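Worksheet for the structure shown next.
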Amino acid sequence: MRKQRLSLEYPLTARKPDLLWQLISTDHGMERWLADRVVEENEVLHLTWGEPWGEHHTMHARIVEREKNSHLRLQWVDEEEPEAYWEIRIGQSELTEELCLCVVDYAMAEDLDDLHDLWDGNLDRLHQSSGF
């Protein structure tokens with residue numbers, strides 16, 4: 001069974017894409033909202049949730065594409081479906097012309113609601129930590 005695509009768009013109060021870019025593309029920025037610890041080595045992000053010296057979970061995502069002030073596309077290292085990736089893109093709302101964060105991710109049909117909730121939580125942390 002193939003994974004299904006989930007596309008989400010979150011409005012932001014940020015005015016400049018370069019500030020937002022720092023939060024979605026750097027180790028330090030991602031640690032503020034996406035994972036407890038993020039380390040980039042050789043185009044692979046090591047994302048850890050929990051305390052490294054205690055109970056934790058680490059996943060590894062290969063950077064597939066990175067375009068400054070635009071988007072970051074990643075794929076889990078152990079992903080079996082070559083077309084399944086996750087992407088964080090800085091967009092602009094057609095209606096309001098304000099910045100938004102567009103997320104694309106893939107999951108099995110029965111996991112789409114949980115994945116949506118996960119991204120909602122991530123964006124809540126982004127808003128709390130940055131004011132965007």
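The apolar share of the surface of the chain, taken as the fraction of accessible area on carbon and sulfur atoms (1.4 Å probe, ligands and nucleic acids excluded), comes to 47 percent. Under the combined filter of DSSP loop state and at most 11 neighbouring Cβ atoms within 10 Å, region 1-83 retains these GluC sites (Glu not before Pro): E43, E55, E80, E83. For region 1-78, the set of chymotrypsin sites (Phe, Trp or Tyr not before Pro) satisfying both a DSSP loop assignment and a count of at most 15 other C-beta atoms within 10 Å is given as W53. With the helix formula -39500 (n - 2.57) applied to DSSP H stretches of n ≥ 4, the chain reaches a computed 222 nm mean residue ellipticity of -7500 deg cm²/dmol. For Cα extents along the principal axes in Å, the value calculated from this model appears in [x] 38, 36, 26; [y] 46, 39, 29; [z] 49, 39, 18 under label [x]. The separation of region 5-34 from region 76-119, counted between C-alpha centres, amounts to 12 Å. Sum up the charges of everything whose Cβ sits under 12 Å from the Cβ of H71, counting Lys and Arg as +1 and Asp and Glu as -1, but leave H71 out. The answer is +1. Of the trypsin sites (Lys or Arg not before Pro) found in region 46-127, those in coil by DSSP whose Cβ has at most 13 other Cβ atoms within 10 Å are K68. Charge dipole (Cα centre; +1 on Lys/Arg Cβ, -1 on Asp/Glu Cβ; no other charges) of the chain amounts to roughly 520 debye. Structural descriptor for region 22-113: relative contact order 14 percent, calculated from alpha carbon pairs under 8 angstrom and at least 6 residues apart. According to the Kirkwood relation over distinct C-alpha pairs, the hydrodynamic radius of region 89-132 is 11.9 Å.
Protein heavy-atom accessible surface, 1.4 Å probe, per residue over region 10-74: 60 Å².
The values are calculated or read from the model by the stated rules, or taken from the named source; none is laboratory data. This one's a predicted model, so the numbers in the text were calculated from it and none came from an experiment. Every residue, glycine as well, gets a Cβ built from its backbone with ideal geometry; the counts of neighbours run over all protein chains shown. To get the accessible areas, we keep the full protein, side chains included, count just its heavy atoms, and leave off ligands, DNA and RNA. Shrake-Rupley method; radii C 1.70, N 1.55, O 1.52, S 1.80 Å.
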